[in-house]
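Dumping the structure here so I can ask a few things about it.
The values are calculated or read from the model by the stated rules, or taken from the named source; none is laboratory data. Quick caveat, the model's predicted, so the values are computed rather than measured. Using ideal geometry, Cβ is built from the backbone for each residue, glycine included, and neighbour counts are taken over all protein chains shown. When the accessible area is computed, the model is the full protein with side chains, heavy atoms only, and any ligands, DNA or RNA have been set aside. Shrake-Rupley method; radii C 1.70, N 1.55, O 1.52, S 1.80 Å.
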Amino acid sequence: MSSLSRELVFLILQFLDEEKFKETVHKLEQESGFFFNMKYFEDEVHNGNWDEVEKYLSGFTKVDDNRYSMKIFFEIRKQKYLEALDKHDRSKAVEILVKDLKVFATFNEELFKEITQLLTLENFRENEQLSKYGDTKSARAIMLVELKKLIEANPLFRDKLQFPNLKNSRLRTLINQSLNWQHQLCKNPRPNPDIKTLFVDHSCGQPNGARAPSPANNPLLGALPKAGGFPPLGAHGPFQPTPAPVPTPLAGWMSNPTTVAHAAVSGGGAIGLGAPSMPAALKHPRTPPTNPSVDYPSGDSDHVAKRTRPMGISDEVNLPVNVLSATFPGHGQHSQAFNAPDDIPKTVVRTLNQGSSPMSMDFHPMQQSLLLVGTHVGDIALWEVGSRERLVSRNFKVWDLSACSMPFQAALVKDPGVSVNRVIWSPDGALFGVAYSRHIVQIYSYHGGDEIRQHLEIDAHVGGVNDLAFSHPNKQLCVITCGDDKTIKVWDAASGAKQYTFEGHEAPVYSVCPHYKENIQFIFSTALDGKIKAWLYDNLGSRVDYEAPGRWCTTMAYSADGTRLFSCGTSKDGESSIVEWNESEGAVKRTYQGFRKRSLGVVQFDTTKNRFLAAGDDFSIKFWDMDNVQLLTTVDADGGLPASPRIRFNKDGTLLAVSANENGIKILANGDGIRLLRTLENSLYEASRASEALTKPTINPISAAAAAATSAALAERASSVVAIAGMNGDTRNLGDVKPRISEESNDKSKIWKLTEINEQSQCRSLKLPENVRVTKISRLIYTNSGNAILALASNAIHLLWKWQRNERNSSGKATATLQPQLWQPSSGILMTNDIADSNPEDAVPCFALSKNDSYVMSASGGKISLFNMMTFKTMTTFMPPPPAATFLAFHPQDNNIIAIGMDDSSIQIYNVRVDEVTAVCL
């Protein structure tokens, strides 16, 4: 179905709901499968209408679609079974067991046996796992919480839980616009047009001059419209539109002073600013109206569920989103159909392994590829993204414990765990600051390359230091901090002396945003109670007091040119928003759309190029044009992102750092960013070649000196070398310019420039542990995660070698320095292909691995087999020969679609979900 047809279904759904055709609405929701109405689903579960619950679900998923769907149906049928047992209706319970629950026996036979044994108990609560089962009502409520988690995590529902943001009576509006257009095309348009039907195009008058019936008798519109145009369709009679809710003011900009008693508060204009050039946002706070909300139920959930990474084959389905070049599985925003601008960094060019989870990142303001990182265990690191080199790595350590407060020392003794809350560079890049979750801020000075020095350590706040910023009030560099003790403090960046303490927040201060405008220096601050305050550097207290959208975790940022102010916040219920503020009026100017209904974490955002906004949400990065509230595009960075990834642009907006799963950092680039990194790679390569030439015997010492000078001039850090162990045990020094395989750029055409392998000593060999049942390997492939090798032997048996994560191999990736394990599940079964009547030695073996390494599709001359890589179980077999499969390939965006090359030269496109061939290419 085309996107316009899909949108028409949503318009019809809205119309049916407005006209109160409730049963028809839910029937269309189910048959179209476009919108899952969570509210309706909840009601049916609470009422125990199990047949309707399963019937409604069937429009969106089947039992065996994926592990989430299987769990959903199992929980429903288990509850139905337990209710029958609780009513002592044994015959009904047996019927449910045989008819509904037996299907799960093939997946977990032990569980099915345990469920069956409940029939032998007088009260199933005698079972230890069911001992806390309450009454029917409470049990349904508890189950519903679990069901909502599963539905929100299920990729088949990800674009179906939120109804599009439509104005009221949108279908009527479109029809009315069409009628007006038709009226304009009339040869003899009447000032008071008359509508008799919508079944044919409107036309005024008759060729013979006969008049149409009086519009007063028109059953559709009723009263006469105004001359010159049609009234809105539905203004009368049965099409009466649903009244729009009265806009309520956004609880925020307070025109009256706060009731909290502190020195700075005063009423009216006499707030002590003095200068008439004070930014209007600080002088005239005002309450803006909100937009009317959508009437139609949106299927939102009260539970904020944490999605686990999809494991099953259907979990990798990429449902259509955005009609854009970069998409994310299951994301369901209905944005404009146009490609993302090339200015947006959306190509993954680097993957860095930090070693611990990144909490905050910041690019150097001058050196565009120098990335500062702070992690959840208190580590900091400095990366040269161009060479993939970690220049600096520091574990958390208090520099001078004796100078710290006793509460801090006591806290460290009780719990030494410390996390980084914020890392940030000073405006000139000479300093960088680290704010920790315990009391202190550390300031380092940066001297180029890998040289950093301890500069200041400040015991700044009681509790966590939640944010850190640099500013230049009175032309003096200062450090601004905020913390759990509800204060904002300003420190001299040279000496560490405290200059100001701002008090007035009633909750921990979450973020600070210093800025200047019209020669006025000020600081915005946000607290966890949703309050936003503004301060001048004068110890006279806050100038304004208002509430941010979301009223919880909010950060503020200006555009690069300092002319536009934005804030991003997440409420305790997981509702996230980005808004632009009208500083001249102190009001919300626009609210950007496209967030997940319930964000699975606190959303971070950033701005770039005075044009784009970006936020990490729903396992992806979402982009907006600053001038358009509709979502511009969504990028999943090839997958592997957490629910709310942390993001940071470099100053030019050419690179974007994104936190990834497994302690990773992905670097995304636009065209300019790719060229920047390529230039750095080329210079490092040339420098490494010159450095390598120095290690070879030379006749002319002058030539060696010249080569050394050339090397130093080409790359500042190319002197770093590594010893590569050779097969014969010796070592050879080479410039450390070779990227790890898992971190290579998408631009594989330039890898040859990085290094040349022309000697045996540059390689290492490793013999994998043998399997006595295997004589010859026919096919071999690395897993997509890079931590295992999968092989298909000539006797149709699959072998899997895995590298374990340990002290010698912290990444867990494939390496020749450590022996992998020949892995099998505890059941001891093997993945063995069907060989039919053919000799597998004569067959053409083939296999393909799913994108997240969860499944392998394979054939050895017989039927095609689908195996679960976690359990080695055979999920299904299909397509017996002839013809036999000789090549297999998963669709890059939908692992339910498989291209199969046959030995009769045909290619068949097979859909696993419906178990049928959808196309044949000859």
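Can you bin the stretch 768-921 into rounded, prolate or oblate? Criterion: square roots of the alpha carbon gyration tensor eigenvalues sorted a ≥ b ≥ c, rounded for a/c under 1.5, prolate for a/b above b/c, oblate for the rest.
Prolate.
Rounded, prolate or oblate for the stretch 447-524? Axes are the square roots of the Cα gyration tensor eigenvalues, ordered a ≥ b ≥ c, and the cut-off for rounded is a/c under 1.5.
Oblate is the answer for the stretch 447-524, as a/c is 1.5 or above yet b/c matches or exceeds a/b.
Averaged per residue, what accessible surface does the stretch 768-921 expose to a 1.4 Å probe, in Å²?
Ligands and nucleic acids excluded, the result is 49 Å² per residue.
Report the local net charge at GLU83: Lys and Arg +1, Asp and Glu -1, summed over other residues whose C-beta lies under 12 Å from its C-beta.
+4
In straight Cα distance, which lysines are under 29 Å from LYS517, not counting same-chain residues fewer than 8 positions off?
Of all the lysines, those that pass the test against LYS517 - Cα under 29 Å, at least 8 places apart if same chain - are LYS283, LYS475, LYS486, LYS489, LYS498, LYS531, LYS533, LYS589, LYS609, LYS651.
What chymotrypsin sites (Phe, Trp or Tyr not before Pro) in the stretch 511-562 are in a loop by DSSP, with at most 16 other Cβ atoms within 10 Å of the Cβ?
Nothing satisfies the criteria.
Now for a different question. Find the accessible area per residue for the stretch 36-157; the probe is 1.4 Å, ligands and nucleic acids are left out, and the unit is Å².
49
Still on this structure, I have one more. Give me the percent of Cα-Cα pairs in the stretch 36-157 that sit more than 17 Å apart, rounded to a whole number.
Summing the P(r) tail past 17 Å for the stretch 36-157 gives 56 percent.
So what is the relative contact order for the stretch 768-921, in percent, with contacts set as C-alpha pairs under 8 Å and at least six apart?
Averaging sequence separation for qualifying contacts and normalising by length gives 14 percent for the stretch 768-921.
Can you list the trypsin sites (Lys or Arg not before Pro) in the stretch 807-879 that are in a DSSP coil and have 15 or fewer other beta carbons within 10 angstrom?
ARG808, LYS873
Given a 1.4 angstrom probe, I'd like the percentage of the accessible area of the stretch 1-113 that is carbon and sulfur, rounded to a whole number.
Here carbon and sulfur together make up 53 percent of the probe-accessible area.
Restricting to DSSP loop positions (anything but H, G, I, E, B) with no more than 15 other Cβ atoms inside 10 Å of their own Cβ, which chymotrypsin sites (Phe, Trp or Tyr not before Pro) remain in the stretch 1-63?
Listed in order of number, the matching sites are PHE21.
Once you sort the root eigenvalues of the Cα gyration tensor of the stretch 110-176 as a ≥ b ≥ c, which label holds: rounded (a/c under 1.5), prolate (a/b larger than b/c) or oblate (the other case)?
Prolate, because a/c is 1.5 or more and a/b exceeds b/c.
Can you send over the carbon and sulfur percentage of the accessible area for the stretch 768-921, probe radius 1.4 Å, protein chains only?
Result for the stretch 768-921: 52 percent of the exposed heavy-atom area is carbon or sulfur.
Can you pull the percent of the stretch 583-665's accessible area that's carbon plus sulfur, 1.4 Å probe, other chains left in place?
37
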